[in-house]
1. Can you tell me which residue within the range 24-68, out of those that are surrounded by 18 or more Cβ atoms within 10 Å (Cβ to Cβ) and more than 17 Å from residue 84 (Cα to Cα), is farthest from the chain's Cα centre (by Cα)?
2. Could you grab me the full set of residues in the range 8-55 that are out of contact with any Gly (no Cβ under 7 Å at 6 or more places or on another chain) and of a type in the set (Val, Ile, Thr)?
3. Find the helices (runs of 4 or more DSSP H) located wholly in the range 27-143 whose residues include 2 or more that are modelled with pLDDT of 85 or more, and list them.
4. Go through the range 23-47 residue by residue and tally those that are within 23 Å of residue 64 (Cβ to Cβ) and not hydroxyl-bearing (Ser, Thr, Tyr).
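The values are calculated or read from the model by the stated rules, or taken from the named source; none is laboratory data. A quick note: this is a predicted structure, and the numbers were derived from the prediction, not measured. Here Cβ is always computed from backbone atoms with ideal geometry, including for glycine, and neighbour counts include all displayed protein chains.
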Amino acid sequence: MSAGLKIRGLVVARGGKEVIRGVDLDIPPGQITALLGANGAGKSSIVLATVGALPVTSGEVTVDGTSIRGMRPEYVRRLGVAAVPEGHHVLSDLTVADNLKAAGYDEGQIAEIIAHTALNIFTNYFNNTAKVIVDFPQVELTH
């Protein structure tokens, strides 16, 4: 079994001021995790430091036992750790493929992601439609 993402004693400073002190966190492999807290609690700083977008003052961040502290975000992503910002729409004028390029994915990865996502959307739609038809067999569908 893989070790997943481990954060030990994370300390992060922003603007010369310590904003995170002594955070420990374990995320098992394959988990999608949400970090919740009040505004200004340090959620963004923890996430950005974990994915390599902010420097870590001290502490350790590892993926499957390998240190990712100080790695650039594109290398951290290749190890399976990424942050998904909410609501910022920084690249909202770009296509899905262009957003994925901006995130560091190559053409092959982009094609695979889009195909997989489209298949999931279609499968979920079809399964939900089939369920509705089964739940209401007396309804006739007409064009």
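1. Here the answer is 59.
2. 12, 23, 32, 33, 46, 47, 50, 51
3. Correct list: 43-50, 73-78, 107-135.
4. Restricting attention to the range 23-47, the residues satisfying the condition of being within 23 Å of residue 64 (Cβ to Cβ) are 23-35, 46-47.
Retained after the next criterion (residues that are not hydroxyl-bearing (Ser, Thr, Tyr)): 23-32, 34-35, 46-47.
Residues that pass the stated criteria total 14.
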